[in-house]
Structures are given as C-alpha cells and as structure tokens.
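Reviewing the structure listed below.
The values are calculated or read from the model by the stated rules, or taken from the named source; none is laboratory data. None of the values given here were measured: they were computed from a predicted structure. Quick reminder, even Gly has a Cβ in these numbers, built from the backbone with ideal geometry, and neighbours come from all protein chains shown. Areas reflect the complete protein model, heavy atoms only, side chains present, ligands, DNA and RNA absent. Shrake-Rupley method; radii C 1.70, N 1.55, O 1.52, S 1.80 Å.
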Amino acid sequence: MRFKYTFLLSVLLLLTSCQWPFAAPGEGTATKVAIERYDRIESLYLTTGDFSALQQMNTGYPRQTRTLIEDVLKIGRVNEPEINVKFLNFYQDTTLQVLIASAEQQFANIDDLNDELSQAFERLTEMIPGIEVPQVYAQIGSLDQSIIVGNGLLGISLDKYLGSDYPLYLRPEFGYTESQRRVMSREFIVPDCIGFYLLSLYPMPHDRQLTQLEHDLHMGKVQWVVNEAMGRAVFNTLYTRTVAHYMKRHPHVTVAQMLANNNYKDIR
C-alpha cells in the first residue's frame, strides 16, 4: 500500500473550518487538557470488527471519524454505503495492524502527555491572552500526518510517535531519514501539538512566494513560541535565536503581534 510522510512542522493539514467548540478550562485559572482516547475505540473496531465500537466512533466522535476517513486516509466519504467495510479492510494490512498494537501498548498511559499539554497551553494562554484551547484527541493513522488541526479539533496520530528506533521506521521502503526519525518519538508530541496549532492560527502568507529566508523566519517565530510554551529549548536554530533577540530588543511587542507580523525584515 502507499504511504505518505510528513516531517516535523513541515506540512500542516488544515480542514475546512466551521464554528470552533473548545475545551473548557479546569477549575480556577489552570488550563486542563485531557487527550480523548478515540484511538482505543478505533483500535477495537479495526482489530475485532466490533460493531458497537463502530457505532461509538460514529455517534460519539463523528467529526474525528470523518476527519480520519475523508482527510487523513482519503478512502472515500463517510456517508458512502460501503465505507465502513472499506475502512476496516484498509487497516487489515499487516503493517497497520502492527502499528495499532504498538501504539496501544506504548500509549496505554498518557498522564504525562496530559500534564505536559496542560502546562504548555497554560503558558500559551498567558503569552497570547484570549487564545482558545482546542479539543485534543488521539488516533491511529497510517503513517500519514503527525498532527491534524481543524474543525475545532487537534488530533494526534500516535503511529507517528513510536520512537526513533522503532523497527518499522527503520525499514528502507518507508524512506525515513535519521533526522526525521529523531522527532518521531513521545517527547515531541506536545511540541508538535503547540507548533501545528500555532501554524493554524498564524499561517505563512499565501499572497506571495516566500523566500527560503522568510520561510525559515516564519518557522523560527513559531518554534520560539513553542520553546516558551514548553519551558525548554525544543528548537535551537539560528532563526529561533534571531526571534529571541528581536523580542528582547522589543519588549513592547506582544507574542501575538510578532506572530502576525509577516514583514520579515522587521525581525532580521
């Protein structure tokens, strides 16, 4: 079967947006994020064909199911007569069955990810007042997109974070480079969530062709904010350092203003 690949913060899948519902903050001022375990229901259906699991996917998680079938796997429309059979058969591939089992084993407990996401979004809402916290869920894709943003949702494809030395990633037919595999591990899930979410809010300009420098500076802006939200230097590049220096020299500039400013000459 044919697989598509993405590299960290290189490709963003933006779905057609509708009105955004967001997860409510927890008690007090703390931001609480809990990843919804859509992947467990998905896994149950795809490994056993359990019809009740399919019903729960369609009734409890209709937007997640539509996104997975139509925009990630691209195997048809969710309301097609035989789409459920096509969906089930798609995942009978031996490689995908191995991915399902590995993801469910490695991510049996995700308390650490929930805590890290909560802390990162807490810092992000402090840096960018008024920014909303999306609903976050886990899924099992097909070695396609790492993070899916759109329709009020932020989806994590667990199959893309099984570890840099995960045996399937090392197979030559998948073509993953060492630098790509380095970020395909658990510790990059939350930085990727923050980065892709920011890119959905502050995308690269589409009204002109960007130079490589402009592209790198835009990514540097996003990655600098990711570092700040994570409380650690996930990214350490010339461009994140350039943005850090710019923000230090311009304390009156807000993070939102910096992200929205696509006049890249201001930052150099």
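Annotation: peptides 142-155, 226-239, ranked by per-residue average of other Cβ atoms within 10 Å with the highest first, follow the order 142-155, 226-239.
Counting only alpha carbon atoms, the long axis of helix 212-230 and the longest principal axis of the chain meet at about 80°. A DSSP coil position with no more than 16 other Cβ atoms inside 10 Å describes none of the chymotrypsin sites (Phe, Trp or Tyr not before Pro) in region 137-218. Entry comment: accessible area of the chain is 48 Å² per residue, from protein heavy atoms only and a probe of 1.4 Å. Counting only DSSP beta bridges with both residues in region 110-268, the antiparallel share comes to about 45 percent. Remark: region 105-120, residue by residue, has Karplus-estimated 3J(HN,Hα) of 6, 5, 10, 4, 10, 10, 4, 5, 5, 4, 5, 5, 5, 4, 5, 5 Hz, where x stands for each Gly or Pro and the curve is 6.51 cos²θ - 1.76 cosθ + 1.60 at θ = phi - 60°. As a fraction of the 1.4 Å probe accessible area of the chain, surface on carbon and sulfur atoms comes out at 51 percent.
Computed packing ranks the peptides 67-76, 199-208 as 67-76, 199-208, most packed first, by mean other Cβ atoms within 10 Å. Run the dipole for region 74-198 about the Cα centre, Lys and Arg Cβ at +1, Asp and Glu Cβ at -1, nothing else charged, and hand back the magnitude in debye, nearest 20. Charge dipole, region 74-198, about its Cα centre: 400 debye, nearest 20. Note the count of lysine pairs whose C-alpha atoms are less than 29 angstrom apart in the chain, limited to pairs 8 or more residues apart or on different chains. Summing the qualifying lysine pairs gives 13. Each DSSP beta bridge with both residues in the chain is either parallel or antiparallel, and the antiparallel ones are about 35%.
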